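Q: What follows is a structure written as structure tokens; I'll ask about it next.
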Amino acid sequence: MSGRRRMVYLGQAKVLGVADSAVFQIGDNQGIYTRYRALALQREVPNFIEEEGTFEAYPVFIEPFPDIRFPPGATKTTSQAGAIQVGSVKVLGVSASSVMQIGGSGPVRMESRIKHIRQIRPPGPYSNPTGTVAATAGDTSLPVEASPPAPGAEARKRESTA
Amino acid sequence: MSVDLYVENKCLQVGSIYIIGVSSSSTFLIGDTDSISAASAFDTPPESVIIGPLVPLSGER
């Protein structure tokens, strides 16, 4: 199915950032297959613990994508004439298992799964781990939390369990 | 029923391209390809707003 590919003439490319397993390729390749998984967690009180959460706990990372294919028995004929000419390209960022390519490519398959979670405190006054006292909306009055943990308490706890 | 697809790739000229970002398993391709199959799942249902104590996510290893 893969026939000849057109030549590509590019005058100038300017890419400011390539991050998080992204690829900027100049030239041909036989195919592309990228996968991307992310747990996007927002907390009202920014307190994050190391090695927290697993992808397997959420169905969005497990359920298979529908398999879309070129119809079996169908024929595809491609003829190449001429070239591709581009003057200039400017890209601010390529990230998160993405590909920017100048040239011919084989079959491209890309998958992305993102779970976005927001954790919000119940209404009432409280003190967050940084020691700042704040209050959320509503007239429900909850007891103010105890003072923030002492510096290094979390590390000591981990050492004792290890 | 049979499907017969004929593609003729001719000359192509573009002046300039400006892109802010390519992300989350996306592709920006200048050239030819056999096929592109892209799938994306983004889950932000109402249940993903957790109002309650800020407990760690399950499955801590």
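Please treat every number below as a calculation from the coordinates, not as lab data. Since this is a predicted model, take the numbers as computed values, not measurements. Backbone-built Cβ (ideal geometry, glycine too); neighbour counts: all protein chains shown.
Q: Per-residue Cβ counts within 10 Å, from other chains only, averaged over A:83-95: what number is that?
A: 6
Q: How crowded by other chains is A:53-62, given as the mean number of beta carbons from other chains within 10 Å of each beta carbon?
A: Mean partner-chain Cβ count within 10 Å for A:53-62: 3.
Q: Moving on to the next point. Restricting attention to region A:22-105, which trypsin sites (Lys or Arg not before Pro) occupy a DSSP loop and are surrounded by at most 16 other Cβ atoms within 10 Å?
A: Those satisfying the criteria are A:Arg69.
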